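To start, the structure under review is shown below, and the notes come after it.
Nothing in this text is a laboratory measurement; each read-out follows from the coordinates by a stated rule. Computed from a predicted model, the values in this text were never measured in an experiment. Ideal geometry is used to build each Cβ from the backbone, glycine not excepted, and the neighbour counts take in all protein chains shown.
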Amino acid sequence: MKDSRNLFERLDTPLPGCYEIIPCRRSDSRGTFIKTVHEDAFKELGLEADFVEQYYSVSKQHVLRGLHFQLPPSDHAKLVYCIEGRIFDVAVDLRHGSAAYGHFHTCELSAENGKMLYIPKGMAHGFYTLSQQAVVMYNVTSLYDAERDSGILWNSLNIPWPVDEIEPPVISERDKNFCTFAEFSSPFTKRALLTGITGFVGSHLAEKLLAEGWEVHGIVRENSDTSKLIGKLTDRIKLHMHNDRKSLNSIMAEVKPEVVFHLASLYLSSHAYEDIPALVESNVTFGTLLVEAMINNGCCRLVNTGTSWQHYQNKPYSPVNLYAASKQAFDDMLQYYVEARELKVIELQLFDTYGADDKRQKLLNLLRDCLKNGRKLSMSPGEQLLNLVHIDDVVSAFSLAGNYLLSGDYDKCGTYAVVAQEMFSLRELVERIEQLAGGSLNIEFGGRPYRAREVMKPWIFGNILPGWQCKIALDDGLQNFFGFKECSI
């Protein structure tokens, strides 16, 4: 694809985030002019452009340099190109958890073809000189750090180096003594930034990502209740305070996440006049500022959270309430960034979520309190169909979506329903709980009317994220939630 100014063409490689860059060449009778860096154009292409150091190497024929990288926190993205001669260039993915971990990409860079290789953080780089002499330019996003400058042995992977059979490669003693790839323990982790991290879904997602080797950051406000974070997660998560609209840019610049998971929202089943400013600020304005900050800092991967309530009566779009309308309004904002700014988005539209440690005053907690204290609970007539998805299944969908984006599998971008296979009425749910409990619930069906725009049948036309399925059966989930017996969840 080409950016809006037609300055560069970005070509994908098998390594997520690593690209061959073809700059625009302008030639006339005097020679050729090539622009190698343009901050705005690079950001539009989803590339880091805050280069802080530039240098070049001069190498004789048969010289092999690499495989080099800097360890965190001095790791950097790198832009490499050859302004004299020809080299066989190599990038190796060292990011723990990457779908391409241990894989490599090779290409020829030369003064003649003008091609550049963009190498993100977490990859090693090296090259072999093909011409009598080669001058190689490097642009990097962090300063040289001798204490964190490292590498792996050049021939410890199956890289098809085009070395001369008669004349061996010329390699420095330092490069000869690097550890092999098999001996290497990667310090490079996947970095995620979460909004809504103190919420029920957000805290469980943070726990899931940490278990999968992600480095997890969260955005919180001064009034956020961080005690909701599960167990000792606060010791393993870095929280960033969002105090004003400018702080999002600073947070994004500091964290530089590979993937942003946006779960924060203001949920109101019904609203009053005075609720509207907060609803729009939380569900539209904040998300839009978040995405703008992402684009400004070279982050282009977003997992967004939608709601099945955007599809009242199973219509393509019909909001159940103003909350659902505000979620759709943010989707419309996202469409601009997808089309104009190369934002990559997977949206997961949620149904009713639940889990044993769910403290929200939602249906299952009302039923649990009713079962515990025996007090009468007045409910609607109970004919509406429900779709309950256990929190473990929900966060598995978010994790899978994040990994698709991280691996560059952008054909998975789109909107998906995180939905259970089984639907049942409210009355049927109460009956199943009574069967599992071996007792009855004091429910007065019809004790209150249906709500305005009650969802009588959940959305059934959503696509399912490839590779995901709801694995926790309802009875197992209910047993776990109510504590009826030990189960495998």
Worksheet item: What is region 132-264 by shape, rounded, prolate or oblate, if you read a ≥ b ≥ c off the alpha carbon gyration tensor as root eigenvalues and call it rounded for a/c under 1.5, prolate for a/b larger than b/c, and oblate otherwise?
Response: prolate
Practice prompt. With an 8 Å cut-off on Cα pairs and a minimum separation of 6 or more residues, tell me the relative contact order of region 351-489 in percent.
Written response: 38
Fill in: Share, in percent, of DSSP beta bridges within the chain that are antiparallel, nearest 5
60
Fill in: Per DSSP, loop GluC sites (Glu not before Pro) in region 131-185 with at most 13 further Cβ within 10 Å
E165, E183
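Sort I21, I159 so that the residue with the fewest other Cβ atoms within 10 Å of its own Cβ comes first and the one with the most comes last.
Result, fewest neighbours first: I159, I21.
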Worksheet item: If you compute Cα extents along the principal axes in Å for the structure shown, which of [x] 88, 48, 39; [y] 104, 75, 43; [z] 78, 56, 38 do you land on?
Response: [x]
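Scale the Cα Rg of region 177-231 by the rule-of-thumb value 2.2 N^0.38 Å and send over the ratio, two decimals.
Relative to the rule-of-thumb radius for its length, region 177-231 sits at 1.53.
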Response to the item:
The lysines whose Cα lies under 19 Å from the Cα of K327, excluding any fewer than 8 residues away in the same chain, are K315, K344
Discussion item. Give me, ordered by chain and number, the residues 5 or more places off G306 or on other chains with an amide H under 5 Å from its own placed amide H.
Written reply: L348, Q349, L350
Item to complete: Take every Cα pair under 8 Å in region 43-156 that's 6+ residues apart, average their separations, divide by the length, and report that relative contact order as a whole percent.
Response: 45
Item to complete: Would you tally the net charge around E428, using a Cβ to Cβ cut-off of less than 15 Å, leaving E428 out, and scoring K and R as +1, D and E as -1?
Response: -3
Discussion item. Could you compute the net charge surrounding Y118? Neighbours are other residues with a C-beta less than 9 Å from the C-beta of Y118; K and R count +1, D and E count -1.
Written reply: 0
Practice prompt. Assign unit charges at the C-beta atoms only (+1 for Lys and Arg, -1 for Asp and Glu), then state the dipole size of the chain relative to its Cα centre in Debye, rounded to the nearest 20.
Written response: 860
Discussion item. Using alpha carbons only, how many angstrom separate the centre of region 185-206 from the centre of region 418-466?
Written reply: 31
Practice prompt. Compute the length gained on full extension between Q361 and D244: take 0.36 nm times their separation in residues and subtract their Cα-Cα distance, giving the result in nm to one decimal.
Written response: 39.1 nm
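Normalising by the residue count of the chain, find the relative contact order in percent from Cα pairs under 8 Å and 6+ residues apart.
After rounding, I find 13 percent.
Exposure proxy check: V389, V58, V280 ranked by fewest other beta carbons within 10 Å?
V58, V280, V389
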Discussion item. Need one word for region 56-151: rounded, prolate or oblate. Basis is the Cα gyration tensor (sqrt eigenvalues a ≥ b ≥ c); a/c below 1.5 gives rounded, then a/b vs b/c decides.
Written reply: prolate
Worksheet item: Which far-off residues, 5 or more places away or on another chain, put their amide H under 5 Å from the one on V170, with H placed in the peptide plane?
Response: V63, L64
Item to complete: Read phi for every residue in region 55-70 and hand back ³J(HN,Hα) as whole Hz from Karplus 6.51 cos²θ - 1.76 cosθ + 1.60, θ = phi - 60°, with x for Gly and Pro.
Response: 8, 9, 10, 10, 10, 7, 4, 6, 6, 10, 10, x, 9, 10, 6, 10
Worksheet item: Using helices alone, what [θ] at 222 nm do you get for the chain, with -39,500 (n - 2.57) per DSSP H run of 4 or more residues, divided over all residues and rounded to the nearest 500?
Response: -7000 deg cm²/dmol
Worksheet item: For the charge dipole of region 25-78, defined by +1 on Lys and Arg C-beta atoms and -1 on Asp and Glu C-beta atoms about the Cα centroid, which residue among T36, P72, S59 has the Cα displaced farthest towards the positive pole?
Response: S59
Worksheet item: In terms of Cα to Cα distance under 17 Å, which lysines are near enough to K359, apart from those fewer than 8 places away along the same chain?
Response: K228, K372
